[in-house]
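Every number in this text was worked out from the coordinates using simple rules, so none of it is lab data. All of these numbers come straight from a predicted model, not from anything done at the bench. FYI the Cβ positions are ideal-geometry reconstructions off the backbone, even for glycines, and counts take in every protein chain you see.
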Amino acid sequence: MKKLFKCTICGYVHEGVEAPEVCPKCNLGKEKFVELSSEDAEKIYASDRTNSIHAEMIILADKIAKLAKEGIEINLDPKCVNGFEKAKNEAWVIKQRCKAELAGHIANGKW
Ligand SMILES: [Zn+2]
């Protein structure tokens, strides 16, 4: 059965039957890894997908902001520009909210 092992030096999380011989991130040895409790492993698995969703939403929000900026520059009419300005601001809020949530996940070891 696969388990999770965390490097106590850099925080890298390895999935496997046992800890890796060498940490892929900091290159230190197997002895630096500790096996995570099933409770901690569950938190990591449970947040894995939501972390990916937040990351994808950040990319999409960036695309919305860029499109809105282009729309503002075209400057068709005040109503149109206003809609793009709102979208640009809303994209910023979505992006920052996702970043804050990801930061919370990382701080809580749910990564
Ligand atoms: Zn490491």
Seminar exercise, completed: Taking a crude spin-label model, label points 7 Å out from Cα along the C-beta direction, the L67 to C80 distance in nm is 1.6
Problem set entry | Principal axes of segment 1-62: Cα extent on each, largest first, Å | 42, 25, 16
For this session: Taking the chain as the reference, fit the longest principal axis to its C-alpha atoms, fit the long axis of helix 38-74 to the helix C-alpha atoms, and give the angle between the two in degrees, 0 to 90, nearest 10.
Result: 20
Exercise. Across the chain, how large is the tail of the calculated P(r) beyond 25 Å, expressed as a percent of all Cα pairs?
Worked result: 44
For this session: Would you kindly state the longest site-free stretch of the chain, with sites defined as trypsin sites (Lys or Arg not before Pro) in a DSSP loop (not H, G, I, E, B) surrounded by at most 13 other Cβ atoms within 10 Å?
Result: 26-111
For this session: Report, to the nearest 10°, how far helix 78-107 tilts away from the longest principal axis of the Cα atoms in the chain, using its own Cα long axis and a range of 0 to 90°.
Result: 10
Seminar exercise, completed: With the 8 Å Cα cutoff and a minimum separation of six or more residues, segment 47-111 has a relative contact order in percent of 48
Problem set entry | Exposed GluC sites (Glu not before Pro) absent: longest stretch of the chain, with sites in DSSP loops and at most 12 other Cβ within 10 Å deemed exposed | 22-111
For this session: Kindly flag which residue pairs out of K3/K88; K32/K66; K43/K88; K43/K63 have an alpha-carbon separation exceeding 32 Å in this structure.
Result: K3/K88; K32/K66; K43/K88
Problem set entry | Computed magnitude of the charge dipole of segment 47-111 (debye, nearest 20; Cβ of K, R +1, Cβ of D, E -1) | 140
For this session: Sort segment 47-111 into rounded, prolate or oblate with this rule: let a ≥ b ≥ c be the square roots of the eigenvalues of the Cα gyration tensor; rounded if a/c is under 1.5, and if a/c is not under 1.5, prolate when a/b is larger than b/c, oblate otherwise.
Result: prolate
For this session: Would you calculate, for the chain, the mean residue ellipticity at 222 nm contributed by helices, counting each DSSP H stretch of 4 or more residues as -39,500 (n - 2.57) and dividing by all residues, to the nearest 500?
Result: -22000 deg cm²/dmol
Problem set entry | Of A41, N75, N27, farthest towards positive along the dipole that unit charges on Lys, Arg, Asp, Glu beta carbons give the chain | N75
